[in-house]
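Written out below as C-alpha cells is the structure these notes cover.
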Amino acid sequence: MAKIVVTGATGTIGNAVCKHLLERGDQPVALSRNPASAASRLPQGVEVQAWREPQAQMAPAEALDGAQAIIHLLGEPISQRWTEPVKQSIRDSRVLSTRMLTETIAKLPEDRRPAVLISQSATGYYGPRGAEELDEQATPGEDFLAMVVRDWEQEALRAEQYCRVAVMRTGVVLSKSGGALAKMLPFFRAGIGGPVASGRQYVPWVHIDDVAAAMVHCIDDGGATGALNLTAPHPVENAEFSRALGRALHRPAVMPVPSLALKLLYGEMSVIVTTGQRAVPRRLTDLGFHFAEPEIGPALKRVLSQ
C-alpha cells in the first residue's frame, strides 16, 4: 500500500483520483484547509490532514514524509466573473500553493521525499489558437490564463531537483458533479442548449475517469516528466460537442449562444468559452496510456449514466 498525498482532494478531479487510488489499494492522504468538512465529502478510507493556509505556509512535512507521490490539484475556480481581485486569487491559489509545496519537498530528508510530483496544469497554457493542433511542444499563449499556467508550471518544475515532476495540462473535464458539463446540463436538458459563438472553437475535452487514471499512470511511469496534455485524443469543435450532448440527452441542440451574451454575463472570463485549444495528448499516447473514452459521443453517454 503506497501513501499518496492529494491536495484539492474534495474537488471534482481530486475526488475521482482518491477513489481510483483506493480501488487499487493505495492510501490517499488529503490535505485540506478544513479537515472535518473534507472528511465528510471524501470516500471512506481517505486520511485527511490539515493544511490551513496553502498560499502562506508550507505543506505539513509529516503528511508528505515517506509518500510515494504527491498529486497537487489546488486552485481557485476559473469559471467566475474575473474582477481584478478574482484574477489575483486565481493566480495566487495556484502559484503560491505550489511554491509552498515544493519548499516542503526540498526540506524533507532525501530518503523521505516523494518519488514524483504530479501537478495539475491546464490547456489554457497555449492561449486561443484556433484549429492549430497543439502537442506539448507548442509555445505558450500571452493572455491572462496562459501567463497564470506558465507561472504555475514553473513553480512545480522547481521540484525537479528533488523528485520527478509531471505537469498535467488538463482540458475540459466531463463530469456530472462539477466543471463545464455540469453547468451546461440544465440548459441542454431543457432543450435550449446549442453551440457557443461561432461553434468553430475546439473543445479539448476529457472524461473524468481518464483524468484520474492518467494521473495515477504517471505515478507509475518513470517516463512521465515535464508537460503532458491530459485531453482525449480526438478534440472536437464546440458545435460537434453540442450536437453530441444533445444526442446523448435526446434533446435538440440548435439554440446558438451569442458571444456578446456571454461577454455581458461573464465579462473577460467568457474568452475561455468562445475560444479554445485543439490540444492532443501526444506524450501520454507515447507512454502507452490507454484512453477508456477516446470519442466524444460514447464519453458523454457514459458520464451521463454514471
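Brief remarks follow.
- The helices (runs of 4 or more DSSP H) located wholly in the range 19-136 that include 2 or more residues which are modelled with pLDDT of 95 or more and among the basic types (Lys, Arg) occupy 84-107.
- The single condition among (1) within 22 Å of GLY191 (Cβ to Cβ); (2) crowded, with 18+ Cβ neighbours inside 10 Å that ARG247 does not satisfy is (2).
- Taken together, the residues in the range 153-188 that are out of contact with any helix residue (DSSP H, G or I) (no Cβ under 9 Å at 6 or more places or on another chain) and among the small types (Gly, Ala, Ser) amount to 0.
- Contact annotation: residue pairs with Cβ atoms under 8 Å, 6 or more positions apart or on different chains, pairing a residue in the range 39-57 that is under 21 Å from LEU21 (Cβ atoms) with a partner that is surrounded by fewer than 16 Cβ atoms within 10 Å (Cβ to Cβ), are VAL46/ALA39; VAL48/ALA39; GLN49/GLU62; ALA50/ARG33; TRP51/ARG33; TRP51/GLN57; PRO54/ARG33.
- When the range 160-185 is limited to residues that are charged (D, E, K, R) and within 22 Å of LEU287 (Cα to Cα), the one that is surrounded by the fewest Cβ atoms within 10 Å (Cβ to Cβ) turns out to be GLU160.
- Single match in GLU136, GLU155, GLU132 (criterion: charged (D, E, K, R) and either in contact with a Ser or Thr (Cβ under 6 Å, 6 or more places away or on another chain) or without any contact (Cβ under 8 Å) to a residue 60 or more places away in the chain (or both)): GLU155
- Residue in the range 10-27 that is in contact with a Gly (Cβ under 6 Å, 6 or more places away or on another chain) and not aliphatic (A, V, I, L, M) present: yes
- For the range 260-280, the count of residues that are modelled with pLDDT under 95, over 24 Å from GLU76 (Cα atoms) and assigned to a helix (DSSP H, G or I) is at least one.
- Top-ranked residue in the range 250-294 [being crowded, with 19+ Cβ neighbours inside 10 Å and over 21 Å from the mean Cα position of the chain (by Cα); ranked as farthest from ALA122 (Cα to Cα)]: ALA253
The values are calculated or read from the model by the stated rules, or taken from the named source; none is laboratory data. Not measured: the values here are computed from a predicted model. For neighbour counting, all protein chains shown are included, and Cβ atoms are generated from backbone atoms with ideal geometry for every residue, glycine included.
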